[in-house]
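The values are calculated or read from the model by the stated rules, or taken from the named source; none is laboratory data. A quick note: this is a predicted structure, and the numbers were derived from the prediction, not measured. Neighbour counts are summed over all protein chains in view; Cβ atoms, including those assigned to glycine, are modelled from backbone coordinates with ideal geometry.
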Ligand code: IMP
């Protein structure tokens, strides 16, 4: 069985992603070019998007990363997140742009934006490549969104299923498990 056999269909090709990241970079440049912002990538899923986005930004900025894991409560996620890798730099007084792969229920980002807001930044905004609004539980929305997608499990371009598929250059929908 080929390693791509579990892929149902391509949702966004590498060309579609590149064109959309170009547009997002233009918006971010317009809003942040004189602010020397700190872009914070949420590991691991954002690393490909972050790398592509920031190479399109030709002004002063800093890059930092955070990693979080959700506390599991039996089988269901409790909605609480634990920071497993914190920022290397203080963000007090800085303009923070969180760069994330996807907002699903929104619980992770709701908590993270709260944690970062408590550190005294000048501003906190959110740039997400993908948004699955149909599954939202927490009240949160992105300031910059790449694509709004239906309720399907997607992989590729940094997003994984059990740590696999992150290196796909496109975004694909996985076949329902059990097929
Ligand atoms: P939330 O707290 O439910 O919004 O979860 C966000 C996190 O869940 C993302 O950062 C991803 O790591 C993961 N996630 C949610 N949906 C998907 C998906 O369709 N594919 C891969 N990871 C996903």
Qualifying residue in region 149-161 (condition: closer than 21 Å to residue 36 by Cα, surrounded by 15 or more Cβ atoms within 10 Å (Cβ to Cβ) and within 10 Å of the ligand (Cβ to nearest atom)): no
Residues (more than 27 Å from residue 120 (Cβ to Cβ) and surrounded by 15 or more Cβ atoms within 10 Å (Cβ to Cβ)) located in region 46-55: 48, 52
Filtered residues of region 113-139 (kept if closer than 27 Å to residue 18 by Cβ and out of contact with any strand residue (DSSP E or B) (no Cβ under 6 Å at 6 or more places or on another chain)): 132, 133, 134, 135
Qualifying residues in region 1-44 (those that are assigned to a loop (DSSP other than H, G, I, E, B) and out of contact with any strand residue (DSSP E or B) (no Cβ under 9 Å at 6 or more places or on another chain)) - the one modelled with the lowest pLDDT: 1
Residues within region 93-120 that are touching a residue at least 40 places away in the same chain (Cβ under 8 Å) and more than 12 Å from the ligand (Cβ to nearest atom), tallied: 5
Where residue 137 falls short, out of the listed (1) within 11 Å of the ligand (Cβ to nearest atom); (2) within 24 Å of residue 12 (Cα to Cα): (2)
Enumeration of residues in region 34-44 that are surrounded by fewer than 20 Cβ atoms within 10 Å (Cβ to Cβ) and in contact (Cβ under 8 Å) with a residue 40 or more places away in the chain: 35, 36, 43, 44
